[in-house]
Amino acid sequence: MFEFLTSKFEDLFFKIKNKGKISPKDLDDALREIKLALLEADVNFGVVKELLENIKNKALGENILESLSPFQQVIKIVNEEMTKILGGGSSLINFSQRIPTVIMLVGLQGTGKTTASVKLANLLKSKYAKKVGLIAADIYRPAAILQLIDYSGKINCEVYHEDNSADPVLIAKNGIDHLRKNYSDVVIVDTAGRLQIDEEMMAEAVSIKKEIKPHQIYLVVDSMSGQEAVNVAKEFNQKLEYDGIILTKLDSDSRGGAALSINHVIKKPIKFISTGEKIEDFDIFYPDRMASRILGMGDVLSLIEKTEKIIDDKKAKELEEKIYKNELDFEDFVFQLKSIKKMGSFDKILGMLPMMGKSKALKGISIDDRQLDKIEAIINSMTIEERRRPNVIDGSRKKRIAGGSGTNVSDVNSLLKQFENTRHLLKQFSGGVGMKGFDFMKRRF
């Protein structure tokens, strides 16, 4: 996510990190590099200009040229201004006091609108404990209704649809009445999209809005479309006046032009982001966290939230105690391995870690999640005794384990060596951060 911009900012910060003081020329050079990076990332020119002016004025106002720690202050200022550009504070969803809260999704075809409907339903269901129903109001795209039914079935949400109706306005109205009777807390209306904006599409969306009076309207846009996403957002807002934006395919967007431009230009908040193919890869958008990730400083809060969903405090304390006593075994490792796989890809987890120079350190390294499957296969081929007491694994046991896991002895030896090294390393740091979720995988096996 935004790898291009992150690497550019990391290069810039590396240049000024060891400077005792920053001269006016250093500041101008830094701003020039930021400008080129943002323009190359397809960020709106007006946004770039205002961002640079704000950074320069703040830097001069806080007199960082005379500061003894200019590096930290530059990062602080850039982070603050980037957060403002992205939208300031977080934009949470507001629920109606009278059920159901009706949410209408609009957008062009191909932006992932139907998938976003289900992902949003899953988030509202899991995070807010809401009963969510969906309405299939896209009667034009082939298999749109079947897709919505199929995806919704995975999260046990009801889908209202009318197979023989050609009136999406009536479908939406009937659907809300039906789902209200079924006590749905939230109703999400998946409307039709087009390959491009046209009068018929807009007229239909406006008619649905007038009839059902949704509490919230979200525009779904493809983040990879850059400035085109901003143009689409502008046209939709002129005709429909929506409340917020859902950015999709953010995991494939290496530049970030749409994310950095759209809120500032349209004056509508980014509400949610889709960051992968899985239904769970969908999050509330936090501008401050996104700014931190773009600048290469990670996103620890999101990482903590993900781990808290998977590992409870009791289990975390048990693992910390075992680290302190140097008693970690492969059964603990399997638990941690499964927890990490639930959190998403290894690349995404690394992207949340606060590590300066991360882009350079990981450049050219492909972290294959299938490697985790190989490790799990090796451990599953061990007996209970071998998992709890790895030191009993001799040559003959290694051959048996390798044969049972479809690997070779060298793979088993490598895992045992890395496991022992990691156990000692974690013992040294046991007085520091806790074990919740990720610590045990700090080293890559």
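Residue pairs whose Cβ atoms lie under 8 Å apart, sitting 6 or more positions apart in sequence or on different chains, and linking a residue in region 391-417 that is in the same structural domain as S381 (by TED's automatic domain parsing) to a partner that is among the basic types (K, R) and surrounded by fewer than 15 Cβ atoms within 10 Å (Cβ to Cβ), are V409/K399. Would you mention how many residues in region 391-443 are touching a Leu at 6+ places or on another chain (Cβ under 6 Å) and at pLDDT 65 or above? Of the residues in region 391-443, 1 are touching a Leu at 6+ places or on another chain (Cβ under 6 Å) and at pLDDT 65 or above.
Do you know which residues across region 151-205 are assigned to a loop (DSSP other than H, G, I, E, B), closer than 27 Å to A233 by Cα and charged (D, E, K, R)? Matches in region 151-205: D167, R194, D198.
Condition check ((1) within 21 Å of D243 (Cα to Cα); (2) in contact with a Gly (Cβ under 8 Å, 6 or more places away or on another chain)) across all residues:
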| site | (1), (2) |
| --- | --- |
| G153 | no, no |
| D167 | no, no |
| D177 | no, no |
| I188 | yes, yes |
| L195 | no, yes |
| M202 | yes, no |
| A205 | yes, no |
| I208 | yes, no |
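Pairing each residue of region 37-56 that is over 12 Å from A258 (Cα atoms) with any residue that is surrounded by 21 or more Cβ atoms within 10 Å (Cβ to Cβ) and of a type in the set (F, W, Y), provided the two are 6+ apart or on different chains, yields C-beta distances under 9 Å for A37/F9. Applying the criterion of at least 3 residues that are surrounded by fewer than 20 Cβ atoms within 10 Å (Cβ to Cβ) and either of a type in the set (S, T, Y) or modelled with pLDDT of 80 or more (or both) to the helices (runs of 4 or more DSSP H) found wholly in region 1-70 leaves 24-40, 45-61. Considering only region 149-169, I want to know if a residue exists there that is free of Cβ contacts under 8 Å to residues at least 12 places away in the same chain, assigned by TED's automatic domain parsing to the domain that holds H215, out of contact with any Leu (no Cβ under 8 Å at 6 or more places or on another chain) and under 23 Å from K213 (Cβ atoms). Yes, some residue in region 149-169 is free of Cβ contacts under 8 Å to residues at least 12 places away in the same chain, assigned by TED's automatic domain parsing to the domain that holds H215, out of contact with any Leu (no Cβ under 8 Å at 6 or more places or on another chain) and under 23 Å from K213 (Cβ atoms). Residues of region 264-290 that are within 15 Å of L120 (Cβ to Cβ) and without any contact (Cβ under 8 Å) to a residue 60 or more places away in the chain: I273 alone.
Within region 106-153, the set of residues being crowded, with 21+ Cβ neighbours inside 10 Å, over 16 Å from E280 (Cα atoms) and of a type in the set (V, I, T) comprises V106, T111, I135. Among the conditions (1) at pLDDT below 90; (2) within 19 Å of I245 (Cβ to Cβ), A116 misses just one, which is (1).
Scan region 211-269 for residues that are modelled with pLDDT of 90 or more, assigned to a helix (DSSP H, G or I) and among the β-branched types (V, I, T) and jot them down. Once the filter is applied, which keeps residues that are modelled with pLDDT of 90 or more, assigned to a helix (DSSP H, G or I) and among the β-branched types (V, I, T), region 211-269 yields only I212.
The values are calculated or read from the model by the stated rules, or taken from the named source; none is laboratory data. Given the structure is predicted, the values throughout are model-derived calculations rather than measurements. Virtual Cβ from ideal backbone geometry, glycine too; neighbours counted across all protein chains shown.
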